[in-house]
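Here's the structure, in structure tokens; my notes come after.
Every read-out reported here was derived from the displayed coordinates using simple, explicitly stated rules and does not represent laboratory data. Values in this document were obtained by computation on a predicted structure and should not be read as measured data. Glycine gets a Cβ as well: all are built from the backbone with ideal geometry, and neighbour counts include every protein chain shown.
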Amino acid sequence: MGEYSLLIILFAPFLGAIALMFVPREEALLVRMTAAISAGISLMASFYIFLAYDTAKGGFQFVQRYAWSEELGIAFYLGVDGIGGPLVFASAILLFAGIFVSWHIKDRTKEFYMFLLILAAATIGVFMSLDLFFLYFFYEMSVLPMYLLLGVWGSHTKGYLSMTNPEERKLRDSIGFIFNFGSNSKEYAAMKLTLFLSAGAVVALMGILLIYHLSGLHTFDIVVLREQAHFSDNVATLIWFLIFFGFASIAPIWPLHSWSPVGHAAAPAATSMLHAGVLMKLGHFSIIRVAFEILPDSTREWMWVAAVLCVFSIIYGGLVSYFAKDTKYVIGYSSSSHMGYIFLGMAALSYISLSGAVIYMFAHALATSMLFAMAGWVYDQTHSRDIPSLGGLVEKMPFIAGAFIVACMASIGMPGTINFIAEVMIIVGSWDAYPFQVVVAVLGIVLTLAYMFKMMRGLFYGRLDPEYAHATDARHWVDRMPLLLLIVCSITLGIFPGHFYEVVRSTVEPMVDRINQVAPLITQNTQGLLP
Amino acid sequence: MIFQLDLSVADLLLLLPEIFLTLWLCLLLSLDFSLKRMTHQQLAYLSIAGLAVTGLILLGFDQAGTTGALFKNMFVLDRMGIFFKLIIVGATALVLFMSIDYVKDFRFFRGEYYVMVVMSALGMMFMASSNDLLSVFVTLEFSTFGFYVLVAYLRDDQRSSEAGLKFFILGVFAAGLLAYGISLVYGETGTLIFSEMTGTPGSYGLAIGYILIFAALGFKIGAVPFHAWIPDTYQGAPTPVTAFLSIAPKAAALAILIRMFYVSLASFKPMWVLLFVVASIFSMTYGNIVAIAQKNIKRLLAYSGIAQIGNIMIGLAAGTKQGSDAIMFFLLTYLFANLGAFAVIIAVSRVMKSDEIEDYNGLNRRSPFLAASMLLFLLSLAGVPPLAGFIGKIYLFIAAIKEELYTLLIVGLINIVISMYYYLIVVKKMYINEPTDSSPILASMPIKVAVYVGIAGTVLLGVYPGPFIDWAVSASLMFSNIAGPTAAASLLPGG
């Protein structure tokens, strides 16, 4: 099955979605089992490629190529490298966990699982596409299910503003008002997300079409383009900016982030998990796959833009998280903030920092999806996400509280979790290039610590409101399993990161060498990195 | 010009699909008169059977490579003509399927309805083959007469009568422009046949003549600024007729536009590229922006149709063989998505008795099947992968970027985002809003056939477009010598 693993990973969820069409909607258990089985197949196959990736060989592996349209120069071309492979694995983990997290959804279960499977499969498709057309195809395909998942199964937020005492309304509220436009319905969130991402996508599409035409090759094949495409300086810069900002809007980099926390807050738990866990990484991944591979010179010249913007992401996201009172806003803005670290790691363009960025994508996917899963559980039990009104829930849900603490620790980057390794690599690797940003990033970690503790205290400790006396813990294995799966992955990889690091390194080293125009075999990066 | 008809039987073979359909039409009409026991459903299926046979003959021609010209080049049967005829025949058959339920509500003239539909289809098949200006005029009027009657078919409905009147007056006006344009062009060139006009020196008379002809054809396809009749006519006409209007006449008129501009005006390409760029930009932007404000689903699709024609004109603006291939492929995708959407509208409006977008509230709870198929069709129209419309749009964009039409491309891409908004508004009504009345909506068998065909086409063309793209490419091989990348781009603002 080896060489077909990518097809299995990609099509198992699609076929699951198609199979669901024929499952009668009254059979809720059968619907869930169908979804779980198709996700399980995908998970096992992606675990296989994660382990079987040949780190000595590097490059694109498990390659599948089928002609699709000669006329347009499109091939259905799949393959993973050391960056795509781990992310495919992360998507499959989150999909599998997400299906169990949303086990109790009663309303239109069948449609929910269909859209969830399509969303995850499309995300997986982006991570393994070696053809620009299909990269865009899956990218755009992942946006639309989000609209329905948010709009139908999401929840209205009481709103950032209404949760604050009007007398204490200070600067932070006006910031919140500007960026949320005062609206907090799930329809608004869904529409904003979809239009924002589509707008970003068409900007990127313009860049892709320019690559297609101006390279003179009239092909979408990334492998061919990276070897043969050459552009004049101005054109390359233009394309680079289209690609960067087109894809960075989903990442989301400041100031293009405003759709993301609103979307997180409105989304059902499983959708938030996939959204924060892997959907946002589509942006970083696509920038690496398109800009880093095809436009290495412009990347070297312009990547400092990301380093500048990531400062705002880190600080702004962190501050809003600290002051926000809605659990999902806290986690959502903390995700935006943490995306800044990935941009910093990418911008520094050294082996260590870029490897760190890739590992951080994976690590953040696990940590933040745990947080979202448990915020969803708390919301299901209490119908509240307002931190000040909650409290003392540790009495009612000890398991959730314990898992929540582990997730917070992972998010902060506690040693023992994979996040720690990633953060240290980003910080160490970026020091040479961007010392100021590294200082900001370290402060960002302190800020993360502050708001995570604040949220933990607000939710689980203190006085229990009698209104929430009926709240229960996750007792059934169905509810515990996804959280345990994520925790186990995070800690296992945190303690044994060897293979994971090798996988990433095998791809990152040649890529960084190519961008910095260093001849292979030089392991220390001494070239000037600043513009 | 002395006209000698020296036709052999072999020549007439080229006309076989049209001759067969004409005879079938007579049969339908006489059966309707003579057999009192014949229900209108049986008549409908009989019409569909006739169209199916016509389609098979056309497919046979396509396989056998039968091509040729008749009547001193007035009528030409080539693979491009066959392609467009198949689109027209397919659209007509689907329209008949969705008419069967609808016609039950007519009090009079049920049988004649099918005859009129098939007659219009026959006229449009001739349009797809017309190769000179005279036959353009005759066939265009032939096909439009059927539509004048069909649009006003709901005799007691004010809106339908109003729609018919508007359509008629503007249609006749367009016919006048067409005739005047033809006379000017004939005066300048001394010939009516497209292929003989190549190489005529440019002059004001020729330019004005062609602009008038473009206006008349622009009226048929509903391009801005000749779109004024579209919304009211679409809203007032019986819904199956609206569905028919939204695709078949556009396909036929596009066949003429491609033949005329690619063959007879090839030497003036830089000028007409500009014309199409401007028309395309205005159609897309106007259609999409005005569609946002619509409350009626048929009007929404009317404006979305104007925007889609703007998309199609991207291919004409490219002015290359790939441009025409992209148009042909896009029409195929549009056929399935648009007709499918109208089939769902018919099913819903039979229960709701109106066509407001509000009626779609909670459709997902009332009929998951109809809601899911409408979702697919709307997303295909919006151009979301993996559906057909996405591939169609990308194909057009690729044709445009190869000609370096950057301004057009940027406007087209922005319009994708704008159009996403109003299609999603309908999706929101169907999936997110709760229904006021939760009784299930059931679709009848013939409607389901149309919807299933629409779904199959929309998905198949989206995930496996290769053979269809190849078909479109091989169907227009005669344009392979049309100018490649030219100086046309330099005329464009920002190009």
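Computed values, structure above
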quantity: Relative contact order of chain A, pairs being alpha-carbon contacts under 8 Å that are 6 or more residues apart, as %; calculated: 16
quantity: Protection proxy ranking, peptides B:289-295, A:12-18, B:121-127, average beta carbon neighbours within 10 Å, highest first; calculated: B:121-127, A:12-18, B:289-295
quantity: Alpha-carbon centroid distance for the pair the range A:475-489 / the range A:371-409, whole angstrom; calculated: 15
quantity: Reciprocal mean inverse distance between Cα atoms of chain B - Kirkwood radius, Å; calculated: 22.7
quantity: Fraction of beta bridges assigned by DSSP in the protein assembly as shown that are antiparallel (%, nearest 5); calculated: 95
quantity: Shielding by partners - mean other protein chain Cβ count within 10 Å, residues of B:413-424; calculated: 5
quantity: C-alpha center-to-center spacing [the range B:103-124, the range B:151-212] in angstrom; calculated: 25
quantity: Residues A:VAL235 and B:ALA49, FRET efficiency given R0 of 51 Å [Cβ-Cβ distance, rounded to 0.05]; calculated: 0.35
quantity: Stokes-Einstein translational diffusion, the range A:11-87 - Kirkwood Rh over all Cα pairs, 1.002 mPa s, 20 °C, in µm²/s; calculated: 145
quantity: Highest to lowest packing among A:46-57, B:32-43, scored as the average C-beta count within 10 Å; calculated: A:46-57, B:32-43
quantity: Cα Rg over Rh - the range A:2-516, Kirkwood; calculated: 0.95
quantity: Whole-percent pair-distance distribution, where bins are 5 Å wide, for the alpha carbons of the range B:342-469; calculated: 2, 11, 18, 19, 17, 13, 9, 6, 4, 1, 0
quantity: Principal axis dimensions, the range B:268-495 - Cα atoms, whole angstrom, descending; calculated: 61, 35, 23
quantity: Contact order normalised by residue count of the range A:1-61, Cα under 8 Å, 6+ apart, percent; calculated: 41
quantity: Size-normalised alpha-carbon gyration radius of the range B:292-416, reference 2.2 N^0.38 Å; calculated: 1.15
quantity: Debye intensity ratio I(q)/I(0), log10, the protein assembly as shown, q values 0.05, 0.06, 0.09, 0.10 Å⁻¹ (C-alpha model); calculated: -0.33, -0.48, -0.99, -1.16
quantity: Positive dipole terminus of the protein assembly as shown, leading residue within A:VAL152, A:LEU20, A:SER506 (C-beta point charges); calculated: A:VAL152
quantity: Given charges at beta-carbon only (K, R positive; D, E negative), |dipole| of the protein assembly as shown in Debye; calculated: 1680
quantity: Peptide B:389-397, shielding by other chains (average Cβ, 10 Å cutoff); calculated: 3
quantity: Value of [θ]222 nm, deg cm²/dmol, for chain A, DSSP H segments ≥ 4, -39500 (n - 2.57) each, nearest 500; calculated: -22500 deg cm²/dmol
quantity: Mean separation of Cα contacts under 8 Å (6+ apart) over length of chain B, as relative contact order %; calculated: 15
quantity: Debye log10 I(q)/I(0) for the range A:378-428, one point scatterer per Cα, at q = 0.17, 0.22, 0.26, 0.28 Å⁻¹; calculated: -0.64, -0.80, -0.94, -1.02
quantity: Reciprocal mean inverse distance between Cα atoms of the range A:206-339 - Kirkwood radius, Å; calculated: 15.8
quantity: Cβ-Cβ FRET estimate between B:THR39 and B:LEU442, R0 fixed at 25 Å, reported to 0.05; calculated: 0.75
quantity: Nearest-ten-degree value, helix A:186-214 long axis tilted from longest Cα axis of chain A; calculated: 0
quantity: Leading residue at positive end of dipole, the protein assembly as shown (Cβ point charges), from B:PHE106, B:LEU150, A:TYR53; calculated: B:PHE106
quantity: For the range A:325-366: Kirkwood Rh in Å [reciprocal of mean 1/r, alpha carbons]; calculated: 10.7
quantity: Folded to 0 to 90 degrees: helix A:477-495 orientation relative to chain A principal axis, Cα; calculated: 50
quantity: Convex hull volume of the range B:70-141 per residue (C-alpha atoms, cubic angstrom); calculated: 78
quantity: Theoretical FRET efficiency, 1/(1+(r/R0)^6), r = Cβ-Cβ of B:TYR180 and B:VAL9, R0 41 Å, to 0.05; calculated: 0.60
quantity: Neighbourhood charge, 12 Å Cβ-Cβ cut-off, centred on B:LEU77 and excluding it, Lys, Arg +1 and Asp, Glu -1; calculated: -2
quantity: Leading residue at positive end of dipole, the range B:268-495 (Cβ point charges), from B:GLY305, B:ASN338, B:VAL351; calculated: B:VAL351
quantity: Within 10 Å of each Cβ in B:402-409, the average number of Cβ atoms from other chains; calculated: 2
quantity: Helix A:351-382 axis, angle to chain A major axis (alpha carbon atoms, nearest 10°); calculated: 20
